[in-house]
Amino acid sequence: MKKNYLIIGYIIYLVGVVSGSCFAVHNPPIWTPFGISIAAIILGSILIRIAYKVEKPKKDENTEEVKEDKGIFQKYLTEIVETSKKIFENAEKENYDRNKTKDDIDSLLTNAINEFVNRKQFMINILGMKYFGEIFIPFSYGERMLNRAWSAFTDDVKEEGMSSLGESIEAFEETLLIIKRITRKKGTGELI
């Protein structure tokens, strides 16, 4: 249904732009058809906007799905923290494999972190922009430090890699605590 709005919206919008351009360049301008073209542009824009609008689920509807997805946020972050700690422990060893450490970090970045980031619009819809910002400030710092650790291990600078990896773990743990606090349930399961 929303795809139909998108297609129809773009068609109406484009017809309005083309016809409006034609009527506007006529000397003297033909005002009535030009006005209709402007109305078509506005109508097309509204239909496109409706097609792209993501509906925010009501708290009473689909509560199981919302609870499940909030659990998914925690699941991904827990996986990120645990995997980061394992990478850190392996890299601490005297005879660590630099390439394996780099590949493990790369795998973490492309899998769990991307899955978490891909759900950001859902997080904004469920939690609101304020809580989303509160979550993503330490998360983005952790991701940045993880990228820095990957770069350091690639360049075989173990000390910097360990330091950056440690900072990323701390940032991800802080993010996990924030998500647990935000998604904590009251008696009715509402968000704080």
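Observations, loosely collected:
This table checks each residue for (1) touching a Gly at 6+ places or on another chain (Cβ under 9 Å); (2) buried (at least 21 other Cβ atoms within 10 Å of the Cβ); (3) not charged (D, E, K, R).
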{"site": "99", "(1), (2), (3)": "no, no, yes"}
{"site": "118", "(1), (2), (3)": "no, no, yes"}
{"site": "123", "(1), (2), (3)": "no, yes, yes"}
{"site": "150", "(1), (2), (3)": "yes, yes, yes"}
{"site": "163", "(1), (2), (3)": "no, no, yes"}
{"site": "171", "(1), (2), (3)": "yes, yes, yes"}
{"site": "177", "(1), (2), (3)": "no, no, yes"}
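- Those residues of the range 127-147 which are more than 22 Å from residue 88 (Cβ to Cβ), in contact with a helix residue (DSSP H, G or I) (Cβ under 7 Å, 6 or more places away or on another chain) and among the charged types (D, E, K, R), in sequence order: 134
- Check on residue 37, surrounded by 16 or more Cβ atoms within 10 Å (Cβ to Cβ), at pLDDT 85 or above and in a helix (DSSP H, G or I): yes
- Checked against (1) within 22 Å of residue 74 (Cβ to Cβ); (2) at pLDDT 85 or above; (3) surrounded by 16 or more Cβ atoms within 10 Å (Cβ to Cβ), residue 107 meets all criteria but (3).
- In the range 112-157, residue nearest to the chain's Cα centre (by Cα) [restricted to those that are in a loop (DSSP other than H, G, I, E, B) and at negative phi]: 119
- Of all the criteria given as (1) surrounded by 15 or more Cβ atoms within 10 Å (Cβ to Cβ); (2) farther than 17 Å from residue 182 by Cβ, the one not satisfied by residue 144 is (1).
- Meets criteria (modelled with pLDDT of 90 or more and either among the polar types (S, T, N, Q) or not assigned by TED's automatic domain parsing to the domain that holds residue 127 (or both)) for residue 17: yes
- Test: residue in the range 177-185 that is over 14 Å from the mean Cα position of the chain (by Cα), part of a helix (DSSP H, G or I) and modelled with pLDDT of 85 or more: yes
- Residue-level check: of (1) within 30 Å of residue 169 (Cβ to Cβ); (2) surrounded by 13 or more Cβ atoms within 10 Å (Cβ to Cβ); (3) at pLDDT below 90, residue 85 misses just (3).
- Annotation note: of 94, 170, the sole residue that is assigned to a helix (DSSP H, G or I) and not hydroxyl-bearing (Ser, Thr, Tyr) is 170.
- Scan of the range 140-181 for residues that are touching a residue at least 60 places away in the same chain (Cβ under 8 Å) and aromatic (Phe, Trp, Tyr), ordered by number: 153, 172
The values are calculated or read from the model by the stated rules, or taken from the named source; none is laboratory data. A quick note: this is a predicted structure, and the numbers were derived from the prediction, not measured. All Cβ positions, glycine included, derive from the backbone under ideal geometry; neighbour counts span all protein chains shown.
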